[in-house]
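Read-outs throughout are calculated quantities, based only on the coordinates presented, and are distinct from any laboratory measurement. Keep in mind the model is a prediction, meaning the values are calculated, not measured. Every residue, glycine among them, receives a Cβ derived from its backbone with ideal geometry; neighbour counts consider all protein chains shown.
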Amino acid sequence: MQSGNYVTRYSQLRSQGRRRIFRHAALSGLSTLSKITGRLSSLRGTDGVHCLLLHHVFEDEEDAFRNLLRLLSKNHQWASYSEAVDRILQGSMEARHMCFSFDDGFKNCLRAAEIMNEFGISACFFVCCSMIGQTGREANHPLRSQRSGQPLIELLSWDDLETLLDQGHEIGSHTMDHRNLTELSAQGLEEEICGSFELLRKKIGTIKHFAWPYGRFVHFKPLAAKIVFDAGYASCASGERGCHANKEAVPKRGLCLHRDHVIASWPTHHTLYFLARSARAPLVASDTWPPGWLEAIGGEG
Ligand SMILES: [Zn+2]
């Protein structure tokens with residue numbers, strides 16, 4: 001397939017519907033209110049580890065992404081994903097640490113990586129093994145709500161993963177096929193979670209981190225988390241919002257990473273609103289999973 005058939009600009013994807021306009025207006029109001037009441041200052045005052053989750057940096061988002069990195073650089077110390085995980089596990093948070101992660105493995109992550117390289121930032125890119133290097137509509141299908149005729153987003157290839165690793169970034173597993181894991185049997189979970197672990201380890205070497213598709217707790221279950229840790233992953237990440245601020249060490253199986261989802265082209269004050277909101281209510285170790293999950297996962301053992 002020719003690259004001309006792929007989406008290159010975020011404006012080609014964005015719906016201009018009423019819902020989006022309402023959301024934009026609501027966020028603008030909330031972020032202005034937060035600024036007036038001084039709440040954004042919590043972003044400058046809270047020691048902890050803040051993990052960001054993005055999916056893409058399209059051509060028309062590059063300037064905004066660079067501006068965001070410039071702004072966040074003023075108040076944060078960048079950590080690689082592995083360093084961020086280690087800090088949370090050890091409760092080692094004597095500054096405002098921040099790390100980046102990208103889910104789904106879109107090709108424009110290569111540009112995101114180049115821009116992050118300008119700032120000395122190492123990110124983790126979570127990829128779905130069965131989609132790496134695929135070019136057809138079938139490969140895009142699980143990643144997006146598909147309406148007929150919707151344009152395709154180009155995906156990373158195995159060579160691209162090597163390029164990212166050479167630049168000092170990390171690769172994590174986002175399963176094999178980006179399925180909703182709550183719908184799978186134990187065998188299906190093993191295939192998605194352990195299968196991707198083994199394949200990535202075979203193709204690129206070390207594999208440490210896992211992030212489940214769709215990211216919310218309603219898209220995951222304790223058995224799946226247990227399989228993640230049994231498989232040998234060092235971390236398990238959600239897309240639930242939050243900033244980690246535990247000062248005590250966490251059992252290795254006892255941690256669910258929370259990540260604040262942002263879109264590179266959002267107005268900066270929208271992104272800061274979410275980050276400040278998470279920083280105002282930082283997470284301690286015991287509240288990273290829903291009630292009862294930790295025991296089922298075996299986190300205290
Ligand atoms: Zn995803």
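Put a dot 7 Å past the Cα of residue 281, heading toward its Cβ, do the same for residue 163, and the two dots end up 4.1 nm apart.
Can you classify region 143-248 as rounded, prolate or oblate using the Cα gyration tensor, where a ≥ b ≥ c are the square roots of its eigenvalues, rounded means a/c under 1.5, and otherwise it's prolate if a/b beats b/c and oblate if not? Judged from the Cα gyration tensor, region 143-248 comes out rounded (a/c under 1.5). Counted over region 195-274 with a bin width of 10 Å, the fraction of Cα pairs per bin, in whole percents, is 15, 40, 32, 13, 0. Site pair residue 296 and residue 150 shows an inter-label distance of 2.9 nm when each label is modelled 7 Å from Cα along Cα→Cβ. One decimal place: the segment residue 223-residue 83 gains 47.7 nm when fully extended, by the rule 0.36 nm per residue minus the C-alpha distance.
If you model region 174-215 as an ellipsoid using its alpha carbon gyration tensor, with each semi-axis the square root of five times an eigenvalue, the axes come out at 19, 11, 7 Å, biggest first. Taken about its Cα centre, region 67-138 carries a charge dipole of roughly 240 debye when the Cβ of each Lys and Arg holds +1 and the Cβ of each Asp and Glu holds -1. Here the extension length gained between residue 186 and residue 13 equals 58.7 nm, from 0.36 nm per residue of separation less the Cα-Cα distance. When the GluC sites (Glu not before Pro) in region 155-222 are filtered for DSSP coil states and for at most 15 other beta-carbon atoms within 10 Å of their beta-carbon, no site remains.
Sorted from longest to shortest, the spans of the Cα atoms of region 49-187 along the three principal axes equal 47, 40, 27 Å. Which whole-number percent of Cα pairs in region 56-115 have a distance greater than 17 Å? Tail of the P(r) past 17 Å holds 48 percent of the pairs.
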